[in-house]
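Here's the structure, in structure tokens; my notes come after.
Every number here is computed from the coordinates shown, using simple stated rules; none is lab data. This structure is a prediction, so every number in the text was calculated from the model and none was measured. All Cβ positions, glycine included, derive from the backbone under ideal geometry; neighbour counts span all protein chains shown.
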């Protein structure tokens, strides 16, 4: 029993010594490797400063809206006698959407028609009165004129009383003519009043036919046959609309442009729009903008119009839109990861001809998705370090390893 224990202990000791020796040998190799790498220059990923086209874009989220979108109300109160459209129906401008039944309006229109007829008849009667008054006046005036002439030719031939009576009769009939003419004018004015009332009720009667204000599609229907509608002309009543119509053959893309770049927006600016639901890009131009900022969001509403006669786009679809703010056909640029910013200053790590790291201050210009323009501080074909810049120091000699333009051999800057 003791012999077995001694043999087991000896075997365990041998295994322990072998493991320790193996670990010690690996440590020596690692140390040797570390010493070897420390003796050489560090490898630095670099890219050359190059010229090429640059542009500055802003990506904004937006959504399509109908070019026109309204709730169609009734002008007069009444019951829906018949409704001809439903959700999804395409309608043309002037097409009848529904007909209202307004019994009291029909009675008012009938009364207006009768008033016009009566006023016209009154004109005829007054015209007769004018003619009669003129005839009576003509006879009285002739009688007075003859008596006056005879009296002037021979004094005492005509009694003065008879002459005075004839003159009074002449003046009375003249006054009757003026009165008849005034009555005729009043009758004519009454005709105008009656005609105006008739036109008003005719116009109101035309409003019993509700028509489409423009060509579009019915997106909502709020009432059915027999529904009572209030007149949609007063803000004091909550009038229910009949339908909602949207013009979808042409859409507006509405973008909230931030205050910082609002002044750079111009009519006709090119726009690239990616429609997520369709997974494709379309192009457009700025059609209009508000020229004022929303006080709550500090953004300016900007719109782009799109032809949608094929019906591919739908109101409410979200988009990612790129606004081109500026562009340079030949700009000196470096990858974004080569630049370190500190407030308003920016620096890069450039390599000298002897592969020595040199920190340089640069002035930046346009900034794209992966590159930024260098206005001053670098020349074409200069080499700059990309990747993890913190492992390099100013004045350190490195071993450069050129990577593809726009590529990165390390982490973020």
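Annotations
- Taken together, the residues in region 159-217 that are outside any helix (DSSP H, G or I) and either within 60 Å of the chain's Cα centre (by Cα) or crowded, with 18+ Cβ neighbours inside 10 Å (or both) amount to 11.
- Single unsatisfied condition, residue 112 versus (1) surrounded by fewer than 16 Cβ atoms within 10 Å (Cβ to Cβ); (2) more than 24 Å from residue 221 (Cβ to Cβ): (1)
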